[in-house]
1. Hey, among His422, His404, His376, which residue is more than 26 Å from the chain's Cα centre (by Cα) and closer than 27 Å to Phe305 by Cβ?
2. Restricted to segment 262-317, and to residues that are over 26 Å from Asn494 (Cβ atoms) and among the small types (Gly, Ala, Ser), which residue is nearest to the chain's Cα centre (by Cα)?
3. Considering only segment 516-547, how many residues are buried (at least 16 other Cβ atoms within 10 Å of the Cβ), more than 19 Å from Ala33 (Cβ to Cβ) and of a type in the set (A, V, I, L, M)?
4. Out of all the residues in segment 372-412, which are surrounded by fewer than 15 Cβ atoms within 10 Å (Cβ to Cβ) and either in contact with a Pro (Cβ under 6 Å, 6 or more places away or on another chain) or part of a helix (DSSP H, G or I) (or both)?
5. Which numbered condition trips up Arg259, out of (1) within 20 Å of Tyr363 (Cβ to Cβ); (2) in contact with a His (Cβ under 7 Å, 6 or more places away or on another chain)?
6. May I ask you to list the residues in segment 484-509 that are aliphatic (A, V, I, L, M) and either touching a residue at least 60 places away in the same chain (Cβ under 8 Å) or under 27 Å from Leu140 (Cα atoms) (or both)?
7. Asp469 passes all but one of (1) in contact with an Asp or Glu (Cβ under 8 Å, 6 or more places away or on another chain); (2) modelled with pLDDT under 95; (3) exposed (fewer than 15 other Cβ atoms within 10 Å of the Cβ); which number fails?
8. Mind telling me which of the residues Asp235, Asp231 ends up being acidic (Asp, Glu) and either outside any loop (DSSP other than H, G, I, E, B) or touching an Asp or Glu at 6+ places or on another chain (Cβ under 6 Å) (or both)?
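The values are calculated or read from the model by the stated rules, or taken from the named source; none is laboratory data. Fair warning: this is a prediction, and the values are worked out from it, not measured in the lab. Cβ coordinates were reconstructed from backbone atoms using ideal geometry, including for glycine residues, and neighbour counts include every protein chain displayed.
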Amino acid sequence: MTGLQFTSMDAASQQAAEQARAGEQAYAEGDLAKALGCYFMALGLQPDNPTNVCNAVALIGVTSGYVLPPVIKSILGRAAQSPAFNCQPLASAVASDFIHDELTGDLLDLASRGGDELEEGLGTDKFDPVLNAPILRAVLQRAVVTSPRVEALLTTLRRHGLERTARGEETCLLTARLNFFACLAAQCFNTEYAYFVSPEEEGWLGDLLSDGLPKDLGKLMLIVSYRRLFDVVGDSPLPETASHPAVDFVFRQQVHEPRRETEICTELKALTPIGSDFSEVMQAQYERFPYPRWFVVDAGQPRTFRQLVEERFPTRSFGNLPKYNANVLIPGCGTGHQIAHVASMLKNPRITAVDLSRTSLAYARRKLDEHKIKVHRFGQADLMALDSWVDRFDYIECMGVLHHLECPEAGLKVLMKLLQPHGLLRLGLYSERARAHVVEARKLVAEHGFPSTAEGVRAARKFVTMLPDGHPVRDVMESQDFYSIAGLHDLIFNIHECRYTPLGLKDFLDDAGLEFLGFDLPDPGVPMRFRERFPDDPDQIDFANWEAFDIEFPDTFSAMYQFWCRPVGTS
């Protein structure tokens, strides 16, 4: 008999390191599928290595067409239980499971038939591996599902539970799966109740609500999958939920956190007046639809601002940049994710962050406190009114803001006035070609008169899902923003946006006296393709080349042009 052979931990660690290096190499070469496979191998060999977990999850979020091996699913399911874990990339893994997994397919088929047949199927434990999957639970609680197929199952289960409950019938969906329904309630809150609700469901829900706040937690979680718990409970005493962690999560998410944000709103300082009627309209938009709702920020490797810039642009000179404690301005900081990213990226930055929307700022302050991130100055301000400030900043990061101004050129002029002579700007602006489908969707919203309300966004969303395959507007369903009310409102209902081509960016920067330093690109395959086509542009800064590239690959900048620049003549 031959004995079993075991790999020692040292050998396993070495093999894991080799696989991780192979993953890094594949990623650098633009082969994301191979890189993901290498990181899966590294994880299998060394499950508790946080770097491999982080890299694998990041790649899961930008690849598709795979099925997670059971051992990897188990590893990631355990890791996802940490509140510090970024679950959003795992939404791609959940979507992939719902396409390829046979058991999930059986549940989807059963759900499509509904009624007693669905109830009978749910009365067994056959589908518990799907409904109790740790990755699905984590995504439901702390991410946004981005799959129409998964959404179809969730809305079917929600409707099934509501119909039977409203008719006074027991359903094992609520009695046996309270934790799942609590996670579903959390997901519906994360989407800001984007899912379609039929007139029948509205009637059943009204019947349940007319009986007052239910004492049964299952029924309460069912109601909360349609209505915000904060609105449902009002001033009623809160039930004891400590013995039900998933329910307790919903109470924190939907009662305690909104109450804290309301308190913060009353404490916020106004750092400038709101300078124009246009700014007031834009402010009102983001007061109603603060965007984006975020959960965690991936921890970076903090370095000084000078180190960061010199690593990013090794062929340029930045001799006048401060070595320590850069003075940073984030205008239009929204709900604070950008602040958290900068704080994780830089050592001891002195951050000033402002936004028009007090609702957004309240969310930002709560999340920053949660992550123990300190901000030097924080409050409500109009970017166009900042030209009265005497402060000067080493680094200004203004992402997704200028293109919503009435005059982006005037906004850039204000930022230039606030920038130190040696300072750098990082800007984000919309791409004309990458947003062609968004332009068509905006036209559709106008033509059909969908109102700029949550109900209007929900109706437009349903309309888009009913469009035939191949319709250009259906492409907006590929965006994560499609799966939440504030996200879709920002995507296709925004009151104003400007878009650019690479040559348009050149004119924009030339007119402001800014030197283009380079794009931050979505994946390493882009610079490789660019290098193949334009070998005489090693720094990849020729806008004429980028114009040609943009025409050939119009989806490259679907997440905006994100780029660095500085005043001409800076060294």
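1. Details: His404 fails: more than 26 Å from the chain's Cα centre (by Cα); His376 fails: more than 26 Å from the chain's Cα centre (by Cα).
Selected residue: His422, the only one of His422, His404, His376 that is more than 26 Å from the chain's Cα centre (by Cα) and closer than 27 Å to Phe305 by Cβ.
2. Once the filter is applied, the top-ranked residue is Ala299.
3. 1
4. Answer for segment 372-412, where residues must be surrounded by fewer than 15 Cβ atoms within 10 Å (Cβ to Cβ) and either in contact with a Pro (Cβ under 6 Å, 6 or more places away or on another chain) or part of a helix (DSSP H, G or I) (or both): Ser388, Glu409, Ala410.
5. It fails just one condition, (2).
6. So the first thing to find is which residues in segment 484-509 are aliphatic (A, V, I, L, M), and the list is 485-486, 488, 491-492, 495, 503, 505, 509.
The answer is Ile485, Ala486, Leu488, Leu491, Ile492, Ile495, Leu505.
7. Failed condition: (1).
8. Numbers: Asp235 fails: either outside any loop (DSSP other than H, G, I, E, B) or touching an Asp or Glu at 6+ places or on another chain (Cβ under 6 Å) (or both).
Testing whether each residue is acidic (Asp, Glu) and either outside any loop (DSSP other than H, G, I, E, B) or touching an Asp or Glu at 6+ places or on another chain (Cβ under 6 Å) (or both) leaves just Asp231.
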